[in-house]
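Only the coordinates and a few stated rules stand behind these numbers; no lab work does. Please read these numbers as outputs of a predicted model, since none were measured by experiment. With ideal geometry, Cβ positions are generated from the backbone for all residues, glycine too; neighbour counts draw on all protein chains shown.
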Amino acid sequence: MKYGLPKYILLAIGAILLMMAGASVGTTGIAAAPLMALTDTAEPPTRTPTHGPTNTPRPTNTPGPAPTHPPSSKPDLADPAITKSSSVSDAKIGDEITFTISVTNNGPGTAQDVVVTDPIPDYLDVIEATTTRGDVSSNGRTVIVTIGKVPAGDEVTIHIRVRVNERAAPPTGHNSVSLTTSSPGDNPGNNTSDVTFNIIGPVTPTVPVATPTATPVTPVILPTTGAAEDTGSRTLLFAALGMAALLLSLFFRGKARS
């Protein structure tokens, strides 16, 4: 019993030391524990991106290219019109006249296959024909101008220069021009134009005309080969015959005497 108390004291001290050692180990384990265990807030784990859709930024409202519309199968409507004027109101035989023809398109579309035809009457001779667009040709006395396309509001000018010939008869001259087109919507009421001018007076020469003068002809003196020459020849012939007759008579007389 002498050593009983110290034994229990030693056991108590050992138990206390064991408890202290356990407390120290517990505190270290808590300090090393994950953050989630202390705050109850889940730490976002690091994930490998999957093949799902990603949040790519959306494009801004930048206007894209305007949509193209297929060409319309409906042809454009167009209304080409023609007018004609004359450079003179009065003309004499021999005078020159210039006709001015204007072709305009009243729209709204482009006129297609526009052709101008101007039949020139027989008392007018065509000197020259020009156009600001297209090709000029002729068929007999008819001037043909193939223009083709004429945009809306556009104008084509044609000039035809002619001369009045001797077939012109007073009092007036007349000429008409027309156009054709394949465009729908054309107004046929403005597809022709007429021009009228007065034919008056005698010929007006455009250049001085030299009046031919008669050149005197100097007569050429030719040797006389007519009746005078024949008369001289006959006289000589008769004289020769007379002499021959005389000689013959003398010859025969001489023969008779002998």
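7 Å from Cα along Cα→Cβ at both R234 and A169: what's the point-to-point distance in nm?
Using points 7 Å along Cα→Cβ, the separation is 6.4 nm.
How far, in nm, would the chain grow between D76 and T98 when pulled straight, counting 0.36 nm per residue and subtracting the alpha carbon separation?
On the way: separation 22, 0.36 × 22 = 7.92 nm, distance 3.44 nm.
Residue separation times 0.36 nm, minus the Cα-Cα distance, leaves 4.5 nm.
Rounded to the nearest 5, what % of DSSP beta bridges with both residues in segment 80-199 are antiparallel? Please report the intermediate quantities before stating the final value.
Details: 45 of 47 bridges.
If I count the DSSP bridges inside segment 80-199, around 95 percent turn out antiparallel.
Figure the gain on full extension for N106 and F252 (residue separation times 0.36 nm, minus the Cα-Cα span) and round it to one decimal in nm. All intermediate terms of the calculation are to be shown ahead of the outcome.
On the way: separation 146, 0.36 × 146 = 52.56 nm, distance 12.61 nm.
Between N106 and F252, full extension yields an extra 40.0 nm.
If you rank K92, K84 by fewest surrounding Cβ atoms within 10 Å, what's the result?
Numbers: K92 17, K84 20.
The most exposed by this proxy come first: K92, K84.
State, as an integer percentage, the relative contact order of segment 80-199 based on alpha-carbon contacts under 8 Å between residues 6 or more apart. Could you put the intermediate results ahead of the total?
Numbers: 314 pairs, mean separation 45.4, N = 120.
Once normalised by length, the contact order is 38 percent.
Sort F251, F99 so the one with the fewest other Cβ atoms within 10 Å of its own Cβ comes first.
Values: F251 10, F99 23.
Ranking F251, F99 by Cβ neighbours within 10 Å, fewest first, gives F251, F99.
Expressed in nm to one decimal, what extension gain is obtained for the pair S182 and V126 from 0.36 nm per residue of sequence separation less their Cα-Cα distance? Mind dumping the intermediate values first?
Numbers: separation 56, 0.36 × 56 = 20.16 nm, distance 2.85 nm.
Between S182 and V126, full extension yields an extra 17.3 nm.
Take the Cα atoms of segment 80-199, find their three principal axes, and give me the spread along each one in whole Å, biggest first.
45, 24, 19
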